[in-house]
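Structure, as structure tokens:
The values are calculated or read from the model by the stated rules, or taken from the named source; none is laboratory data. Just so you know, these numbers come straight off a predicted model, no measurement behind them. Quick reminder, even Gly has a Cβ in these numbers, built from the backbone with ideal geometry, and neighbours come from all protein chains shown.
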């Protein structure tokens with residue numbers, strides 16, 4: 001009797017855990033909460049910001065747009081390690097008990113067919129035109145020769161141009177490495193982010209947020 005009761009208890013616990021795991025996976029297919037741990041997107045995003053990213057754009061085919069802020073899997077030296085069961089479960093559930101592949105957040109600068117060039121202390125040229133980028137902390141101190149973004153790839157940069165690991169070191173990355181698009185900022189201020197060339201609102205003491213034009 002005790003044995004049967006123990007078996008039922010174990011099965012109930014396993015069933016509950018399976019339900020929770022299924023819910024976690026289902027939710028992560030649509031939205032995901034993210035914490036910003038670095039300054040690579042400063043001043044647009046700073047350390048400690050909490051945002052929501054959405055993945056529906058990926059299924060609709062509208063994820064890849066110039067100026068969009070996206071999360072992505074950076075190029076890995078050991079790609080085989082990211083395909084084992086533990087890493088797959090970590091990617092699906094986000095649970096800390098499983099190893100997780102690093103996720104970066106960057107801004108899309110160029111898409112397939114675009115020419116991207118960086119002139120130090122001046123700015124980024126897209127298809128031979130200087131981009132207007134009020135969201136960057138300062139122009140890049142480095143220069144980069146013009147590159148053509150190949151088919152199926154994108155060119156991404158961090159808004160903190162001089163403190164970001166991005167396409168100026170990796171080169172263009174696969175579109176498939178993009179996992180989600182920034183949708184909503186939860187903290188420190190609630191802000192809608194799902195728009196092209198989004199920049200952090202400027203808040204004056206005692207006033208309501210507004211965006212610097």
Legend entry - Number of the exception - residue 165 against (1) surrounded by fewer than 16 Cβ atoms within 10 Å (Cβ to Cβ); (2) farther than 15 Å from residue 40 by Cβ; (3) touching a strand residue (DSSP E or B) at 6+ places or on another chain (Cβ under 8 Å): (2)
Inset, instruction - Answer yes or no: is there a residue in segment 88-99 that is closer than 22 Å to residue 36 by Cβ, in contact with a strand residue (DSSP E or B) (Cβ under 8 Å, 6 or more places away or on another chain) and at pLDDT 95 or above. - result: no
Legend entry - Some residue of segment 128-137 being part of a strand (DSSP E or B), touching a residue at least 24 places away in the same chain (Cβ under 8 Å) and out of contact with any helix residue (DSSP H, G or I) (no Cβ under 8 Å at 6 or more places or on another chain): no
